[in-house]
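Student: Dumping the structure here so I can ask a few things about it.
Each value in this text was obtained by applying a stated rule to the coordinates, not by laboratory testing. Bear in mind that the values here come from a model prediction, so they are computed numbers and not experimental data.
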Amino acid sequence: MLNDESTLPLKASGPRGYPLIGVIPHLRKDPLNFFLSTAIEYGDVAKLDLGPREFYLVTQPESIKYILQDNNRNYRKGYDQAKPLLGEGLVTSEGNFWLQQRRLIQPLFLQSQIGRYIPFITAATDEMLAEWEIHALNNKPVDVAHEMMRLTQKIILRTMFSTDTGAETEQIAHAFDMSLEHLNQILFSPSRILDRLPTPANIRHRHALEYLNKFVFDLISQRRLSKKESNDLLSRLIQARDSETGLGMSDQQVRDEVMTIFLAGHETTANALAWTWYLLANSPEQYDSLVSEIDQVLAGRTPTENDLAALIFSRMVFDETLRLYPPAWMFARHAIEDDEVGGYFIPANSMLMISPYVTHRLPDIWHDPEYFYPQRFNSENIGQRHKFAYFPFGGGPRVCIGNMFAITEGLIILSMVTQYFRLSLVPQQNIKPTPIATLQPKPGVFMNLIGRN
Ligand code: HEM
């Protein structure tokens, strides 16, 4: 029987590039606008000429749901470049090993468990606010992008290790910073060989990693021997047992998950918060609404787990920030077998690029997409959209395990800072979203601290 041509999958098209180098120059120059304008011009599935391999940018919610959820078994993450650093942790592992690890670790991040970590968040935020008081008295602006990084790093360090970092805290924080910098670098490096050359930077990164490995392995063995109760993540990772087999993790597995959670779990939230302050300062009416909700719900108290559900508008502000500036602005999947996505043919081995930044700004989904409007996230408006029109935390089985942690941390910091200060932008800054591994505000976000009491 003859094949009916009309049922054959379509071949995706995309922007024309230069001979040999394809669209790489466009991508280097302005990746965010290049991806967004490609999606607007070529639709759901656009082919990108980025070298010998086939690349597709996929942007409509139904197709994203198909890749991340419905047919996720046909897609690998392929984050192998990050394995020297993250090993077989949750972000990088695949298949059955990933599933087994996810089952073990998921219970530690359930919403019902996040309350345990709140004291680490409030204490670190209080310490930052005490420093800010001095800056405010001296009329000294702060770079909130830098401040939020320091704060979320302190929170994840304490959530993970309690106070066991002791006198080495600064050194450990610095070593983690260097590892994160290296990860950012290798994710965008054109060649693996460059990362292995004995350059001064690569040698520094290797030493930082050796130092961290020693610190983490030593702490794991101390904890295994100790009888002392501890409420931090490290202890809970060590104690986690598979409900069917009763087996726990080896030291190497615990180390890989510690590195993974540390690196995945602070820069993202820090960027989200920095963008939140930036957007609020540019939208005084929305800022007023946020202040009045926080004053009304908390009446000057430090927030607790029980307050979070009442911070409805604050949550809408955070959600809208994650729409406009999703920290994980792009991620990728590799097709294992031939597939059809949104009616288009996807050959095996091709790489699919999925970008919350792009889908969150498509004008056929979002009215006036560039406009900061938290009310898009009231329950009525959410109900009218496709579930995958908004996916700052990914979706399907590999959805971010830390999403409730991030939202809780975001709301607590947002509300505690708002109780003490109103932030306003230092004039004449040219702040641009800069897509590295996460979407960072560069060169920083300098703000004046105006005390509210
Ligand atoms: C606003 C903050 C955050 C954002 C926007 C974010 C975003 C994401 C996204 C999009 C993914 C999926 C990537 C993919 O499918 O390729 C992911 C995965 C992951 N995230 Fe987050 N994340 C945030 C905070 C956190 C925090 C606080 C933690 C831990 C404390 C964390 C730990 C992880 C881990 C371990 C994974 C891998 C999960 C798996 O594959 O099983 N993230 N995150």
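Student: Quick one: 3J(HN,Hα) in Hz for region 347-362, Karplus 6.51/-1.76/1.60 with θ = phi - 60°, rounded, Gly and Pro as x.
Tutor: With coefficients 6.51, -1.76 and 1.60, one gets x, 3, 6, 6, 10, 9, 9, 10, 10, x, 4, 6, 4, 5, 10, 6 Hz.
Student: A further question follows. What is the spread of the Cα atoms of region 332-390 along each of their three principal axes, largest first, in whole Å?
Tutor: 41, 20, 16
Student: Whose amide H sits under 5 Å from the amide H of residue 449, counting only residues 5 or more places off or on another chain, with H placed in the peptide plane?
Tutor: Here 142 satisfy the definition.
Student: Report for region 5-451 the percent antiparallel among DSSP-assigned beta bridges with both residues inside it, nearest 5.
Tutor: In region 5-451, approximately 85 percent of DSSP beta bridges are antiparallel ones.
Student: Using each residue's phi in region 231-244, evaluate 6.51 cos²θ - 1.76 cosθ + 1.60 at θ = phi - 60° and report the 3J(HN,Hα) Karplus result to the nearest Hz, with x for Gly and Pro.
Tutor: Calculated HN-Hα couplings, in order: 9, 8, 5, 4, 4, 6, 5, 5, 7, 4, 10, 5, 5, 8 Hz.
Student: Residue-wise, which Karplus ³J(HN,Hα) couplings in Hz belong to region 72-80, taking 6.51 cos²θ - 1.76 cosθ + 1.60, θ = phi - 60°, and x for glycine or proline?
Tutor: 4, 5, 8, 10, 9, 7, x, 8, 5
Student: How much mean residue ellipticity at 222 nm does the chain get from its helices, if each DSSP H run of length 4 or more adds -39500 (n - 2.57) and you divide by all residues, to the nearest 500 deg cm²/dmol?
Tutor: For the chain, the value works out to -15000 deg cm²/dmol.
Student: What are the lysines whose alpha-carbon lies under 25 Å from the alpha-carbon of residue 65, with same-chain residues fewer than 8 places away excluded?
Tutor: Here the lysines satisfying the reach criterion relative to residue 65 are 11, 47, 77, 387.
Student: Between residue 329 and residues 5 or more places away or on another chain, which pairs have amide H atoms under 5 Å apart, with H built 1.01 Å from N, and which residues are they?
Tutor: Under 5 Å from the amide H of residue 329 lie the amide H atoms of 439, each far enough along the sequence or on another chain.
Student: Can you divide the C-alpha Rg of the chain by 2.2 N^0.38 Å and report the result to two decimal places?
Tutor: Relative to the 2.2 N^0.38 Å estimate, the chain comes out at 1.01.
Student: Scan around residue 346 for amide H atoms under 5 Å from its own, H built in the peptide plane at 1.01 Å from N, and keep only partners 5 or more places away or cross-chain.
Tutor: 339, 340, 341
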